[in-house]
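Worksheet: one structure, shown below.
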Amino acid sequence: MTTALAPSSRPVAAAAGAATNAAIDARRVAAMPRGVGIGFAVYAQRALNAELWDVEGRRYIDFGAGIAVLNTGHRHPRVVEAIRAQLDRFTHTAYQVVPYESAVSLAERLNKRTPGSHAKKTAFFTTGAEAVENAIKIARAATRRPGVIALGGGFHGRTFMGMALTGKVAPYKTGFGPFPGSVFHVPAPVALHGVSVEDALRALVQLFKADIDPESVAAIILEPVQGEGGFYAMPPEFMRALRRICDSYGILLIADEIQTGFGRTGRWFAMDHHDVLPDLMTMAKSLAGGTPLSAVCGRADIMDAPAPGGLGGTYAANPLAIAAAHAVLDVIEEEKLCERAQALGDRLKGRLNALRATVPQISDVRGLGAMVAVEFAGADARPTPSSPNRSRPARAMRACCC
Ligand code: PMP
């Protein structure tokens, strides 16, 4: 997860009668439920590239980045121009009623860009959780099996299947059950906290013995780098073993790249760091530069399993978001943002590692590309196994922002 917004300039005195952060926040508390937690009572007035200004005129460096949505920055001119041009044409037809070419060409681009040169198809949705829901629908339709396996510490969204798959109870599941059935969890391999790849695979074998026949499992879904879970990259040998297990039992492997996609890890997708391919991938967030768009991309035969009408949604493939996504892909390509993410991540890791000499509480510096985490140990200078990296502010950020 990203860190707090950092004020980078002194506030400009608010004009007489102008809204203040405190005044708006008091109205929020009265008008909106507390379940929609906020990271900071800093009300945005405008934003550009990596910076954001609040209603009191304070300028911030926006480390929040809209929760991994702004890999191309706030209001990249190419993205703004693409949305503006689309606004002048049409804003909504409902793709399933009257389709448009821009969605078809975006699907073609994603089919080419995602890992693997096999035949693929892409379906568009609106939010990340919706992409996850639909990936599971597609996997179940293709395999005619019920079971789904996810990892402890994983995050997959706030809808019912998203919550069921999410491997963390508080705050995401508390009070919201019961959840859809046939969903199981195994621990994620995180050596720092005492779970080796062998431990995680042993838990999977145990699950197959105790809870579900592998021949009844439709899919294993995981984030190649856990986002909400603490930026833990899945080891290549774990991905290879999962691929082998999936192949031997006819289980589909789903990579949730909602948080890791579009350059953040120094490659287009985190799965580009691995030598095995997923069957399906979910995408959202930085796909469309701040407009709501998500996608499921996968093997063409699997994607075609649901019957016509089984997939979709009123706003799925919204034309403004599709236009923005085309511009995002152009910008990532032309401005070499994968290379930039790698360079920035390397620089950050170098600086954080240098700090270890003077800050012994740093127990780990890790990450792929610009998706970098620093983890602090407990008072005994050991990693805290039950609740890694959970300072109060970090907990507050996660509770609001995943
Ligand atoms: N999967 C992952 C890996 C995520 O990081 C998120 C959002 N943080 C989601 C799914 C859910 O996406 P959304 O909030 O757009 O529904």
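The values are calculated or read from the model by the stated rules, or taken from the named source; none is laboratory data. Please read all numbers here as calculations on a predicted model, not as lab measurements. As a convention, Cβ positions derive from the backbone with ideal geometry for all residues, glycine included, and neighbour counts pool all protein chains shown.
Checking each residue in region 140-157 for being farther than 18 Å from ASP211 by Cβ and buried (at least 17 other Cβ atoms within 10 Å of the Cβ) picks out ALA141, ALA142, GLY153, PHE155, HIS156, GLY157.
For region 173-191, enumerate the residues that are of a type in the set (Ser, Thr, Tyr) and surrounded by 10 or more Cβ atoms within 10 Å (Cβ to Cβ). SER182 - this is the single residue of region 173-191 that is of a type in the set (Ser, Thr, Tyr) and surrounded by 10 or more Cβ atoms within 10 Å (Cβ to Cβ). The residue that is nearest to ALA219 (Cα to Cα), counting only those in region 108-133 that are free of Cβ contacts under 8 Å to residues at least 40 places away in the same chain and surrounded by fewer than 19 Cβ atoms within 10 Å (Cβ to Cβ), is SER117.
Checked against (1) within 16 Å of the ligand (Cβ to nearest atom); (2) of a type outside the set (Ser, Thr, Tyr); (3) part of a loop (DSSP other than H, G, I, E, B); (4) out of contact with any helix residue (DSSP H, G or I) (no Cβ under 8 Å at 6 or more places or on another chain), HIS185 meets all criteria but (3). Residues that are hydroxyl-bearing (Ser, Thr, Tyr) and under 17 Å from ASP330 (Cα atoms) were ranked within region 90-107; the one that is surrounded by the most Cβ atoms within 10 Å (Cβ to Cβ) is SER102.
Of everything listed in (1) under 29 Å from LEU110 (Cβ atoms); (2) within 14 Å of the ligand (Cβ to nearest atom), the single unmet condition for PRO171 is (1).
The residue that is nearest to ARG299 (Cα to Cα), among those in region 123-174 that are of a type in the set (A, V, I, L, M) and part of a loop (DSSP other than H, G, I, E, B), is VAL169. So, VAL186, is that one closer than 18 Å to HIS156 by Cβ, in contact with a Gly (Cβ under 9 Å, 6 or more places away or on another chain) and either of a type outside the set (Asp, Glu) or touching a residue at least 24 places away in the same chain (Cβ under 8 Å) (or both) or not? Yes: the conditions hold for VAL186.
Residue check: PHE160 meets all listed conditions (1) of a type in the set (Phe, Trp, Tyr); (2) crowded, with 24+ Cβ neighbours inside 10 Å; (3) closer than 30 Å to TYR95 by Cα but one, namely (2). Selection of first residues in region 63-80 that are touching a residue at least 12 places away in the same chain (Cβ under 8 Å) and of second residues that are part of a loop (DSSP other than H, G, I, E, B) and polar (S, T, N, Q), restricted to Cβ pairs under 6 Å at least 6 apart or on distinct chains, gives the following pairs, ordered by first then second residue: PHE63/THR2; PHE63/THR3; GLY64/THR2; ALA65/THR2; ALA68/GLN259. Collect the residues in region 115-139 that are more than 16 Å from the ligand (Cβ to nearest atom) and touching a Phe, Trp or Tyr at 6+ places or on another chain (Cβ under 8 Å), keeping them in residue-number order. Of everything in region 115-139, just one residue is more than 16 Å from the ligand (Cβ to nearest atom) and touching a Phe, Trp or Tyr at 6+ places or on another chain (Cβ under 8 Å), namely PRO115. Of everything in region 249-276 that's outside any loop (DSSP other than H, G, I, E, B) and out of contact with any Cys (no Cβ under 7 Å at 6 or more places or on another chain), which residue is nearest to ASP213 (Cα to Cα)? By that ranking, first place goes to TYR249.
The residue of region 348-402 that is farthest from the ligand (Cβ to nearest atom), among those that are at pLDDT 90 or above and in a helix (DSSP H, G or I), is ALA354. Looking across SER294, SER248, SER182, one residue alone is among the polar types (S, T, N, Q) and touching a Ser or Thr at 6+ places or on another chain (Cβ under 7 Å). It is SER294. Report yes if ILE212 is over 23 Å from the mean Cα position of the chain (by Cα) and modelled with pLDDT of 95 or more, otherwise no. Answer is yes for this residue. Reported count of residues in region 171-199, each being over 22 Å from the mean Cα position of the chain (by Cα) and closer than 18 Å to GLY229 by Cβ, is 8. A count restricted to region 240-267 and to residues that are of a type in the set (A, V, I, L, M, F, W, C) and more than 16 Å from the ligand (Cβ to nearest atom) stands at 6.
In this structure, does MET234 turn out to be in contact with a His (Cβ under 6 Å, 6 or more places away or on another chain) and away from the ligand (no atom under 12 Å from the Cβ)? When the stated conditions are applied, MET234 does not pass them.
When ARG202 is tested against the conditions (1) more than 16 Å from the ligand (Cβ to nearest atom); (2) basic (Lys, Arg); (3) crowded, with 22+ Cβ neighbours inside 10 Å, the lone failure is (3).
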